[in-house]
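See below for the structure under consideration.
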Amino acid sequence: MPTIRTRHAFGPRDLSRFPSDDDALGRSLLSIVEGAAVDGKLPRPSILGFRADGVERYDIPPIVEQGGNVHAFAAAVAGQPGMETVCIAGTVGIRRGRGEPVPALAVFLEWEDGRWWSALRMLKERQLVDELGPVIRQAEDGDPKPRGIGGWWARSRFQGLKLQVHAPVVH
């Protein structure tokens, strides 16, 4: 994979904010994403990596702007030692039929064993609307996995993807 420059942040994992339970983690992340969608300002999409004791966040728009493959990048995050869960969260474009993509809030989490959890919240005129609540689906309920997302650990193993993070040089 080529070198991609993106904003990233690392920090300790606060289990009250990022619990270890699948559904609780997904709902917490959905709440964070919904809370960031205020007055038409929509949260930037991010890739999040969760370890037992830490959280990593990578900004997606610079990956796309540099011609990078977001799913390969997510697979590289999954390929790091000790990674438990990888998530894509934020504002995404959802295409219904052949029309133009419309903005929606999304959270998709995947675990190494193939479990996944997703929430999608359609927006109306870039705003949260109470009657358009989230649609939550998960592997544990036997729901079909959304097309075109996930499979990050398998891809990481198959393609040998591992993320190599280099801190910026400050003079």
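If you check Ser156 against the conditions, is it open to solvent by less than 50 Å² (accessible area, probe 1.4 Å), closer than 20 Å to Ser46 by Cα, of a type in the set (Gly, Ala, Ser) and not in a strand (DSSP E or B)? Against the criterion (open to solvent by less than 50 Å² (accessible area, probe 1.4 Å), closer than 20 Å to Ser46 by Cα, of a type in the set (Gly, Ala, Ser) and not in a strand (DSSP E or B)), Ser156 qualifies. Among the conditions (1) under 13 Å from the mean Cα position of the chain (by Cα); (2) closer than 22 Å to Gly54 by Cβ, the only one that Lys162 does not satisfy is (1).
Yes or no, residue by residue, for (1) more than 19 Å from Gln138 (Cβ to Cβ); (2) free of Cβ contacts under 8 Å to residues at least 24 places away in the same chain:
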| residue | (1), (2) |
| --- | --- |
| Leu25 | no, no |
| Pro43 | yes, no |
| Ala75 | yes, no |
| Val86 | no, no |
| Arg98 | yes, yes |
| Trp111 | no, no |
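Here Phe18 passes the criteria (1) assigned to a loop (DSSP other than H, G, I, E, B); (2) open to solvent by 50 Å² or more (accessible area, probe 1.4 Å); (3) within 20 Å of Leu120 (Cα to Cα); (4) out of contact with any Pro (no Cβ under 9 Å at 6 or more places or on another chain) except the one numbered (2).
Each row is one residue, and each column tells you yes or no for (1) exposed (fewer than 12 other Cβ atoms within 10 Å of the Cβ); (2) assigned to a loop (DSSP other than H, G, I, E, B); (3) modelled with pLDDT of 95 or more; (4) in contact with a Pro (Cβ under 7 Å, 6 or more places away or on another chain).
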| residue | (1), (2), (3), (4) |
| --- | --- |
| Thr6 | no, yes, no, yes |
| Leu30 | no, no, yes, yes |
| Arg44 | no, yes, no, yes |
| Gly49 | no, no, yes, no |
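Looking only at residues in the stretch 66-90 that are assigned to a loop (DSSP other than H, G, I, E, B) and open to solvent by 50 Å² or more (accessible area, probe 1.4 Å), the one that is modelled with the highest pLDDT is Glu84.
Of note, Ala9 satisfies the criterion of being over 22 Å from Pro146 (Cβ atoms), touching a residue at least 24 places away in the same chain (Cβ under 8 Å) and among the hydrophobic types (A, V, I, L, M, F, W, C). A Cβ distance below 6 Å, combined with a sequence gap of six or more or placement on separate chains, defines the contacts here; from the stretch 126-152, residues that are under 17 Å from Val33 (Cβ atoms) and in a loop (DSSP other than H, G, I, E, B) reach residues that are open to solvent by less than 30 Å² (accessible area, probe 1.4 Å) and small (Gly, Ala, Ser) in the pairs Arg126/Gly40; Leu128/Ala37; Pro134/Ala119; Pro146/Ser118.
Scanning the stretch 96-113 for residues that are small (Gly, Ala, Ser) and at pLDDT below 85 yields Gly97, Gly99. Do we have Ile63 as over 20 Å from Ala139 (Cβ atoms), in a loop (DSSP other than H, G, I, E, B) and either free of Cβ contacts under 8 Å to residues at least 40 places away in the same chain or of a type in the set (A, V, I, L, M, F, W, C) (or both) here? No, not satisfied.
The values are calculated or read from the model by the stated rules, or taken from the named source; none is laboratory data. Source: prediction; values computed, not measured. Reconstructed Cβ throughout: ideal geometry from the backbone, glycine too, with neighbour counts over all protein chains shown. Side chains are part of the model used for accessible areas, which takes the heavy atoms of the whole protein and leaves out ligands, DNA and RNA. Shrake-Rupley method; radii C 1.70, N 1.55, O 1.52, S 1.80 Å.
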